[in-house]
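Down below is the structure, laid out as structure tokens.
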Amino acid sequence: MMNILKKIPAILVMAGIYILSSLPGDDSLLNAFEFSDKIKHFIAYFVLGITYCMWISRESWLAKPIFWCVIVVVLCTALGILDEYHQSFVPGRSGNDLKDLAADFVGGLASVFLYLFFVVKRSKKLIERQSS
């Protein structure tokens, strides 16, 4: 049951990205924040990356950190590619923006580094507590 609960945030974030990508380019919801489009992509895929990281146990992260970093970044980038393709069918949206995809990739990459930093830091604290 706990494994299913760990997946819900990622599913919700993926659904949110899909819904926002379905809105026409002139939709006021998309333009509600005065951020660059690339920053919006970075934030969305950073959050997605964090939620993907939550699927993986701390023990797995510590055993194979590079492997899991690659998996999460690849998943974020793959969804970014699918998102760009999906946008190509939405009026007023461009579906072939490599800069958007780069922002998606960087957001996913930043998320794994931040998540890994906290996993390692938390694990060191747990080890210190157990040894004292």
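Short-range pairs are left out: with C-alpha atoms under 8 Å and at least six residues apart, the relative contact order of the chain is 34 percent.
Taking a point 7 Å from the Cα of Lys38 along the Cα-to-Cβ direction, the residues of segment 97-119 with backbone N closer than 16 Å to it are 97-110. Tell me the angle of helix 37-53 to the major Cα principal axis of the chain, expressed in degrees between 0 and 90 and rounded to the nearest ten. That helix lies at roughly 40 degrees to the long axis.
Shape summary of the chain, radius of gyration then Dmax from alpha carbon positions: 16.8, 62 Å. What do you get for the angle between helix 65-87 and the principal long axis of the chain? Use alpha-carbon atoms, 0 to 90 degrees, nearest ten. The angle comes out near 10 degrees. Tell me the angle of helix 2-22 to the major Cα principal axis of the chain, expressed in degrees between 0 and 90 and rounded to the nearest ten. With rounding to tens, the tilt is 20 degrees.
So if R0 is 25 Å, what FRET efficiency would Glu128 and Asn3 give, r being the distance between their Cβ atoms, rounded to the nearest 0.05?
Efficiency at R0 = 25 Å is approximately 0.30.
Read-outs: derived from the displayed coordinates by stated rules, not from any lab. For clarity, every value in this text was computed on a predicted model and none was experimentally measured. Every residue, glycine among them, receives a Cβ derived from its backbone with ideal geometry; neighbour counts consider all protein chains shown.
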